[in-house]
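*Asks:* One structure, as structure tokens, below. Some questions next.
The values are calculated or read from the model by the stated rules, or taken from the named source; none is laboratory data. Not measured: the values here are computed from a predicted model. Here Cβ is always computed from backbone atoms with ideal geometry, including for glycine, and neighbour counts include all displayed protein chains. For accessibility, only protein heavy atoms count, side chains too; no ligands or nucleic acids. Shrake-Rupley method; radii C 1.70, N 1.55, O 1.52, S 1.80 Å.
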Amino acid sequence: MLLRADVIHSKARAVVRRCGTRDALAVAEALGVYVHRLENLRDLLGMYTYRQRERHILLNARMEPGLMQLVCAHELGHDALHRQLARGGALPEFSLFDMRTAPEYEANAFAAHLLLDDDAVLEHLRQGRDVAELAALLGVHLNLVLVKLHEMNRLGWQLELPYVPRGDFLGKIKPEEGSGLGGTDVPCH
């Protein structure tokens with residue numbers, strides 16, 4: 001069962017207030033989450049582990065900075081929302097970034113709220129920007145903007161969504177390909 005939208009939103013906002021930044025790597029450091037950039041993760045973008053009262057985020061060192069921010073924010077979502085699922089080890093790799101599972105969708109929703117300010121998103125929409133322009137202006141993946149808008153609707157906004165975000169958008173990104181900003185992997189229906 002999916003967490004209530006207001007729970008995810010308020011946890012992300014509290015982290016931003018506490019840390020004074022939306023920079024996911026700086027947030028991790030401020031929260032005492034160890035971040036490790038590893039060269040040998042192949043196609044795995046990132047992973048969250050929690051054992052012996054230590055929280056760790058493993059990131060693929062081959063990622064460009066924008067994608068590293070996105071993946072780190074996603075893993076911080078697991079830290080904030082799913083720590084109990086990772087007790088004694090890592091979250092199961094088979095469900096990483098698969099938004100068809102509640103924990104993965106929730107981590108992406110948390111990342112969207114952490115990285116994207118509500119007021120900035122709304123201001124761009126008021127100026128008539130479409131989702132692709134919004135993603136380019138904010139320097140994030142198109143599907144993360146769609147997740148943010150979907151979550152804002154769950155919070156009571158009535159924003160028009162041109163399409164539903166692909167559930168596996170992070171799983172389709174390879175570390176060396178970059179963030180796929182404004183990606184073309186979105187269905188046109």
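*Asks:* Would you mind calculating the gained length between Arg4 and Glu160 on full extension (0.36 nm times residue separation, minus the Cα-Cα distance), in nm to one decimal?
*Replies:* Extra length available between Arg4 and Glu160 comes to 54.1 nm.
*Asks:* On to the next question. So how far apart, in nm, are the two label points at Thr101 and Ala26 if each is 7 Å from Cα heading toward Cβ?
*Replies:* It works out to 3.2 nm between the two label points.
*Asks:* Then there is this: Are there trypsin sites (Lys or Arg not before Pro) in the range 16-64 that DSSP puts in a loop and that have at most 15 other Cβ atoms within 10 Å, and which ones?
*Replies:* Arg42, Arg53
*Asks:* Between Arg42 and Arg126, how high is the FRET efficiency from 1/(1 + (r/R0)^6) when r is the Cβ-Cβ distance and R₀ = 45 Å? Nearest 0.05.
*Replies:* Calculated value: 0.60.
*Asks:* Per-residue HN-Hα couplings for the range 20-25, Karplus 6.51 cos²θ - 1.76 cosθ + 1.60 at θ = phi - 60°, whole Hz, x for Gly and Pro?
*Replies:* Rounded to whole hertz, the list is x, 7, 9, 6, 4, 5.
*Asks:* Can you pull the accessible area of Glu54 for me, 1.4 Å probe, Å² to the nearest 10?
*Replies:* So the heavy atoms of Glu54 present about 80 Å² to solvent.
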